[in-house]
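This report concerns only the one structure given below.
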Amino acid sequence: MNSEKRGLGFYILTAFFALFVLFLYGPLTTIFILSFQGPNGGLTFPMNGSSVHWFKNLLFEQQAVGDFGGAFSRSLILGLMTMMATVVVSLLAGLAFRRRFLGSGPLFYLTIASLIVPSILISLGIGLAFQVFGLSPAWYSSAFGAHLTWTLPFGLLIMFAVFNRFNPAYEEAARDLGATSWQTFAHVVLPIILPSLVGVGLFGFTLSYDEFARTLMTAGTFNTLPLEIYGMTTNVTTPVLYALGTVTTLFSMGIIVVALVAIAVLRKRRARKVAG
Amino acid sequence: MTLSRLAPYLQATPLTLILAAFLVLPIATIVMVSFWDYDSIQIFPAFVFTNYEETITSPVTWNTYINTFKYTVIVWAVTLFVGFWVAYYLAFHIRSTTMQMVLFLVCTIPFLTSNIIRMISWIPFLGRNGLLNQTLMGMGVINQPLEFLLFSDFAVVLAMVHLYTLFMVTPIFNTLMRIDRALVEAARDAGANGWQILTNVIIPLAKPGIAIGSIFVVTLVMGDFITVRFMSGGQSASVGLMMANQIALLQYPAAAANAVILLIIVLLLVGGILRIVNIRKEL
Amino acid sequence: MTKKTTSKGVSRRQLLKGAAAAGGLAAGAGVVTGFPTIWAQNPITLRQFGTGVSNLNAIAEKCKADLGITLQMTALDSDAVSQRVVTQASSFDIADIEYWICKKVFPAGTLQPMDVKKIKYYDDIVPIFTTGKLTPESKIAQGTAPNTVGFVEGPESKVFAKAPTQWMTLIPTIYNADTLGIRPDLVGRPIKNWKDILDPAFKGKTSILNIPSIGIMDAAMICESAGIMKYGDKGNMTKAEIDGTIDFLIKTKKAGQFRAFWKTFDESVNLMASGEVVIQSMWSPAVAAVRSKGIPCVYQPLEEGYRAWGGGLGIAKHLKGAQLDAAYEYINWYMSGWVGAYLNRQGYYSAVLSTAEKNMTPDEWAFWMLGQPAKADILSPEGKVMYTVGAVRDGGSFKERMGAVACWNSVMDEDRYMVRRWNEFIAA
């Protein structure tokens, strides 16, 4: 299959892959097209003229209900909090799992359990627990925790994949040269795994940013963006929702591009360091 | 010496604390509340089995579970098929890492749009006057709009496949990438044809990835409620949706009992998958 | 959108608005402290949540301008609303909930009854919410009528009073009479009764509401109209009546009569606008929303009458002192006319009609409330043309519509059983 000439299989699979991508982009295309509805258009076809009216409406005018701006900034901050916590905690845990320690098995299975417990259950559980203990839930406390139960397992699994392939020879070499364990970590281990950490962070951010079910009963007084959009559907029936979809997609793409550039720069720098 | 022996414990502490606070404790609460009693107004501490009794003895529960299993099996099968071939294509037919990464990103971009908005947008895509029907009618393939495209089991499965295939692709791709290409060459030199290589070499080696992907998909589908509600037009039930309805009507103990049952079933399913493959070693 | 509002009929309305608001402010503050309080110097923030139906930013803005009170509005779907009230008592100051939800959540003790002596317009509230009768001779409709859960027995009580007392649970804000919405261009026949939704011609093109407490009432109206069921009290069915209704629904569903069940406002609009459905139970502004997209849609009055609903503002238990004063002041302001006019212009009804009238033009009033043909274009609160000259509101005047209410959205004694059966219907 890795032969020089492309076989029939290659073309069939290319077509298959293309269809798959087309399928993935179906709804996105609808959103994109419909966000350019005319001022009197609705959320469904047919198009009623075309305009950038709904983008203007989204960005410069106040909506009848809801507060996109506030919800968006909450989601953004929550996403960043989750991102940082995920990176730090899963890195630490990943390091811990490189050695044997008492209770490592149960902790591993607990982490896996965290991944497989249905979202709505976590949401209900945290909501109920806060109620039973008389705490008031808020997006930065209960919802933050709820999001971590989703992002941490992903983070840890990625760290496992990284460390399973990590060659300990680098560390041994550093230690032989007299580096302390902190120096070894900071100057040898960290630079090597940094691109993966960026990946973990990215994962954490996107998972948190669009999380709905886990936030549903844990958000407290104020809505995050997915909740806000859901709440707005009780009143808003204009393509401004699609305009919002288009804008947030472009925004997230922006974040990804930034992250990719960061990874590329890190790689290059490392390559230069190694070379120099 | 002591510090280095202590290190893993310190390093594992944050994870343990977070999981204890936001996973163990909430689930303990759910288990506790599932024994509480409630009326149409309030829930109050008690120790009754009525919630379980009502849940287990009701034919609705059974129908709902059967329906949910139906979705799970179909979605699992479809995502496995699609996911495997997509991962296979990316791993074996795309040669440069950069291209692999680019194609991967192409697949992830649709997931950056809010899920709720994407759900709403299926209506103009699949609806009676939707993009798909109009295209098909314009091409002369059909002369009547296809009604089954929206608000049906088909629509639910389609949307779930759309949402969850990538969870299958990623782990399978990961394992496929780690297969030593020399093994494939060796099999070819030994006279194996493409099919034999696939079934005897690649699929067995891809098992851990398939297992992880299956765990993702099975648990996501079992717990889903929003997709089912939107895509079936409220006409189908799933366990998650049943729970969401009970929560909405403030019948927390009933929802909690349901949750405990769901949790047990999901854990059994995942336990079964884990018995087949040791994913921790294979990662 | 907001800008357009101000450009239309500014001078006259502005004047009235200003006058009424000033009056309301002075009066409202007077009740509480004896002299006008200026909240701008003593900033007060109230957190209000409710469904998107009435949780409007325009109200928050106007409130800030008139009273200096900052309202933080959070819009939720109706499920989340009742959960918030019961489980997260400290997360809000003002709850905007429906009366049937009130029946479920008030006994949880997270809201405090309001002293009607501090409610300036109490005597002007439409009597549906106090005595239950629109006019002295009208009959109280079935179901959870607002007057049955509108009062409690004392300031600390959680028990609903049978007759008006000094302690009100919710201050009514908006209400309406719901019926079937139709696409006149697609149904191709006159629609007169609730049972017309069962017409085989509409197979796969109908929809009802999937909120049990509301949907069951739609279903009951349909069953009664089709002669399938007779109810002692639709609003409080016996187990047998619930069984009969649900069994019929299951049969109808299996026969493929329904296209979908909707739960949120936007779903009903999308179903109708996209032509997926041609006849369904609907809310009045949803009909307006379909129509604003240039698609014909009629809110069809039916012989059996309407299914009504109402919402109101409740005050959180934890409010006290200045915040509580501010909440009363906000509520008095809410009823002083500007908001009422705003809501009436959306096709809903407001609780105090006399003040709302002063904030509407005579033509608007005649169109929305008296059921007379429009003499000029009728605009939405955002300034969009909703009806052109000569149009008449579906269903006619306030008296004709609210006078023909057959039942209210309800929470029944057999609620737990009903919900189980409803889930069965959805799962069938």
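Yes or no, residue by residue, for (1) assigned by TED's automatic domain parsing to the domain that holds residue C:220; (2) touching a strand residue (DSSP E or B) at 6+ places or on another chain (Cβ under 9 Å); (3) of a type in the set (Gly, Ala, Ser):
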{"site": "C:96", "(1), (2), (3)": "no, yes, no"}
{"site": "C:102", "(1), (2), (3)": "no, yes, no"}
{"site": "C:107", "(1), (2), (3)": "no, yes, no"}
{"site": "C:113", "(1), (2), (3)": "no, yes, no"}
{"site": "C:123", "(1), (2), (3)": "no, no, no"}
{"site": "C:145", "(1), (2), (3)": "no, yes, yes"}
{"site": "C:148", "(1), (2), (3)": "no, yes, no"}
{"site": "C:153", "(1), (2), (3)": "no, yes, no"}
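What pairs can you find where one residue is in segment C:399-410 and closer than 12 Å to residue C:146 by Cα, the other is of a type in the set (A, V, I, L, M) and not in a strand (DSSP E or B), and their Cβ atoms are less than 6 Å apart, with a gap of 6+ or different chains?
Hits for this filter: C:407/C:141; C:407/C:217; C:408/C:141; C:408/C:145; C:409/C:214; C:409/C:217.
Of the conditions (1) closer than 22 Å to residue B:160 by Cβ; (2) hydrophobic (A, V, I, L, M, F, W, C); (3) surrounded by fewer than 23 Cβ atoms within 10 Å (Cβ to Cβ), residue B:101 fails just one. Which one is it?
For residue B:101, the failing item is (1).
Checking residue C:81 against (1) modelled with pLDDT of 80 or more; (2) crowded, with 21+ Cβ neighbours inside 10 Å; (3) over 20 Å from residue A:136 (Cα atoms), which test does it fail?
(3)
Here is a list: C:218, C:185. Which entry is closer than 29 Å to residue C:270 by Cα, at pLDDT below 90 and surrounded by fewer than 16 Cβ atoms within 10 Å (Cβ to Cβ)?
The match here is C:185.
Please go through segment A:108-161 and give me each residue that is hydroxyl-bearing (Ser, Thr, Tyr), at pLDDT 85 or above and part of a loop (DSSP other than H, G, I, E, B), ordered by number.
A:140, A:141
Please indicate, with yes or no, whether at least one residue in segment C:126-146 is modelled with pLDDT of 90 or more, on the phi < 0 side of the Ramachandran plot and either within 14 Å of chain B (Cβ to nearest Cβ) or part of a helix (DSSP H, G or I) (or both).
Within segment C:126-146, not a single residue is modelled with pLDDT of 90 or more, on the phi < 0 side of the Ramachandran plot and either within 14 Å of chain B (Cβ to nearest Cβ) or part of a helix (DSSP H, G or I) (or both).
Could you please let me know if residue C:197 is within 27 Å of residue C:268 (Cα to Cα) and of a type in the set (Val, Ile, Thr)?
So residue C:197 fits the description; yes.
Restricting the search to segment C:86-99, which residues are at pLDDT 85 or above and over 17 Å from residue C:264 (Cβ atoms)?
Answer for segment C:86-99, where residues must be at pLDDT 85 or above and over 17 Å from residue C:264 (Cβ atoms): C:92, C:93, C:94, C:95, C:99.
Please work out which residue is nearest to the other protein chains (Cβ to nearest Cβ), limiting yourself to segment A:81-95 and to residues that are modelled with pLDDT of 90 or more and farther than 24 Å from residue B:215 by Cα.
A:92
State the number of residues belonging to segment C:243-261 that are in a helix (DSSP H, G or I), over 15 Å from residue C:211 (Cα atoms) and out of contact with any Cys (no Cβ under 8 Å at 6 or more places or on another chain).
Summing the residues that are in a helix (DSSP H, G or I), over 15 Å from residue C:211 (Cα atoms) and out of contact with any Cys (no Cβ under 8 Å at 6 or more places or on another chain) in segment C:243-261 gives 7.
What are the residues in segment C:251-278 that are facing chain B (nearest Cβ under 7 Å) and acidic (Asp, Glu), if any?
If the condition is that a residue be facing chain B (nearest Cβ under 7 Å) and acidic (Asp, Glu), then C:276 is the only one that fits.
Looking only at segment C:243-269, count how many residues are buried (at least 19 other Cβ atoms within 10 Å of the Cβ), closer than 18 Å to residue C:202 by Cα and either at pLDDT below 85 or of a type in the set (Lys, Arg) (or both).
1
For segment A:96-110, which residues satisfy the criterion of being facing chain B (nearest Cβ under 7 Å) and among the hydrophobic types (A, V, I, L, M, F, W, C)?
A:96, A:101, A:107, A:108, A:110
Which is at the interface with another protein chain (Cβ under 10 Å from one of its Cβ atoms), crowded, with 24+ Cβ neighbours inside 10 Å, assigned to a helix (DSSP H, G or I) and basic (Lys, Arg), of B:229, B:188?
Exactly one of B:229, B:188 is at the interface with another protein chain (Cβ under 10 Å from one of its Cβ atoms), crowded, with 24+ Cβ neighbours inside 10 Å, assigned to a helix (DSSP H, G or I) and basic (Lys, Arg), namely B:229.
Could you tell me which numbered condition residue B:160 fails, if it satisfies all but one of (1) under 25 Å from residue A:239 (Cα atoms); (2) within 12 Å of chain A (Cβ to nearest Cβ); (3) among the aliphatic types (A, V, I, L, M)?
(2)
Out of all the residues in segment A:9-30, which are away from chain C (no Cβ under 14 Å) and surrounded by 24 or more Cβ atoms within 10 Å (Cβ to Cβ)?
A:27 - this is the single residue of segment A:9-30 that is away from chain C (no Cβ under 14 Å) and surrounded by 24 or more Cβ atoms within 10 Å (Cβ to Cβ).
Under 20 Å from residue B:102 (Cα atoms), modelled with pLDDT of 80 or more and within 18 Å of the chain's Cα centre (by Cα): is that true of residue A:245 in this structure?
In short, no.
Starting from segment A:173-191, keep only residues that are within 15 Å of residue A:91 (Cα to Cα), then list their pairs with residues that are outside any helix (DSSP H, G or I) whose Cβ atoms are within a distance under 8 Å, requiring at least 6 positions of separation or different chains.
A:188/A:179; A:189/A:166
Output the number of the condition that residue B:180 fails; it satisfies all remaining conditions of (1) without any contact (Cβ under 8 Å) to a residue 24 or more places away in the chain; (2) surrounded by 16 or more Cβ atoms within 10 Å (Cβ to Cβ).
Checking residue B:180 against (1) without any contact (Cβ under 8 Å) to a residue 24 or more places away in the chain; (2) surrounded by 16 or more Cβ atoms within 10 Å (Cβ to Cβ), the one that fails is (2).
Just need a number here: residues in segment B:136-168 that are at pLDDT below 85, surrounded by fewer than 18 Cβ atoms within 10 Å (Cβ to Cβ) and either in contact with a His (Cβ under 9 Å, 6 or more places away or on another chain) or assigned to a helix (DSSP H, G or I) (or both).
2
So which residues in segment C:78-116 are part of a helix (DSSP H, G or I), more than 20 Å from the chain's Cα centre (by Cα) and in contact (Cβ under 8 Å) with a residue 60 or more places away in the chain?
C:89, C:90
So how many residues does segment A:203-228 have that are more than 10 Å from chain C (Cβ to nearest Cβ) and hydrophobic (A, V, I, L, M, F, W, C)?
Residues that pass the stated criteria total 6.
The values are calculated or read from the model by the stated rules, or taken from the named source; none is laboratory data. As the structure is a prediction and not an experimental result, all values here were calculated from the model. Counting neighbours? That spans all protein chains shown, and the Cβs are built from the backbone with ideal geometry, glycine included.
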